[in-house]
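This report refers to the structure that appears directly beneath it.
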Amino acid sequence: MKRSMARPRLGPRSLLPAVLLLGLAAGAAQARIEQDVRCFRSSEGVAPIRFEFRMFYDSDTNWSGGYVRYKGSKTVIPIVLKSEHGTELAPGRPDEFDRTWVEVIDGRLGGEYRMLSQGAIVESMSYTKPSPRRSLGFVDDPGSFTSDSTACQW
């Protein structure tokens with residue numbers, strides 16, 4: 001059974017305020033915001049590209065946002081959820097989710113991160129640059145995130 005959980009699409013002008021609300025929402029309702037941190041590395045190439053993917057979700061308002069931080073960088077790139085589609089593969093099992101996140105850089109839309117996951121398992125992750133349009137594949141790197149850390153350890 002396929003179940004669509006499409007979220008409303010945000011236009012370029014509404015993305016920046018949504019990202020800024022992350023800070024306000026985190027301070028105002030910290031107990032209600034869930035956080036998920038993932039560490040990824042490129043699946044190709046000799047010198048892997050690594051990044052931390054941090055997502056926030058407020059179930060009370062159905063709001064999602066987050067950021068990406070690449071290895072060696074002190075700055076973060078804000079991301080907002082562009083779309084989410086859930087599919088029930090088998091009764092009693094976690095749904096499979098196909099989520100697309102878009103970067104917001106200087107108030108403009110950037111590249112897209114697409115993650116396919118089921119439960120705690122990330123089946124695939126890709127990043128697509130807007131220009132020239134090119135995609136890179138990444139794999140989940142759980143060894144870079146230990147239970148006593150708050151960020152990816154490279």
Residue check: is LYS129 more than 18 Å from ARG38 (Cβ to Cβ) and either touching a residue at least 12 places away in the same chain (Cβ under 8 Å) or not basic (Lys, Arg) (or both)?
yes
With respect to GLY107, determine if the residue is in contact (Cβ under 8 Å) with a residue 40 or more places away in the chain and on the phi > 0 side of the Ramachandran plot.
yes
Scanning for something closer than 19 Å to ASP141 by Cα, surrounded by fewer than 17 Cβ atoms within 10 Å (Cβ to Cβ) and either without any contact (Cβ under 8 Å) to a residue 24 or more places away in the chain or hydrophobic (A, V, I, L, M, F, W, C) (or both), does the stretch 56-70 turn up at least one residue?
yes
Any chance THR87 is in contact (Cβ under 8 Å) with a residue 60 or more places away in the chain and of a type outside the set (Asp, Glu):
yes
Within the stretch 54-74, count every residue that is closer than 17 Å to TYR127 by Cβ and either touching a Gly at 6+ places or on another chain (Cβ under 7 Å) or of a type in the set (S, T, N, Q) (or both).
3
Would you mind stating whether ARG114 is loosely packed, with under 11 Cβ neighbours inside 10 Å and under 23 Å from PRO78 (Cβ atoms)?
no
Criterion: at pLDDT 95 or above and of a type in the set (Gly, Ala, Ser) - qualifying residue of SER59, SER126
SER126
Whether any residue in the stretch 98-106 is exposed (fewer than 15 other Cβ atoms within 10 Å of the Cβ), under 16 Å from the mean Cα position of the chain (by Cα) and more than 21 Å from THR150 (Cα to Cα) is what I want to check.
yes
Which is exposed (fewer than 11 other Cβ atoms within 10 Å of the Cβ), hydrophobic (A, V, I, L, M, F, W, C) and out of contact with any Pro (no Cβ under 8 Å at 6 or more places or on another chain), of ILE121, ILE77?
ILE121
So for the stretch 108-115 (the condition being acidic (Asp, Glu), out of contact with any helix residue (DSSP H, G or I) (no Cβ under 8 Å at 6 or more places or on another chain), closer than 17 Å to PRO130 by Cβ and modelled with pLDDT of 90 or more), does at least one residue qualify?
yes
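The values are calculated or read from the model by the stated rules, or taken from the named source; none is laboratory data. Please read these numbers as outputs of a predicted model, since none were measured by experiment. Using ideal geometry, Cβ is built from the backbone for each residue, glycine included, and neighbour counts are taken over all protein chains shown.
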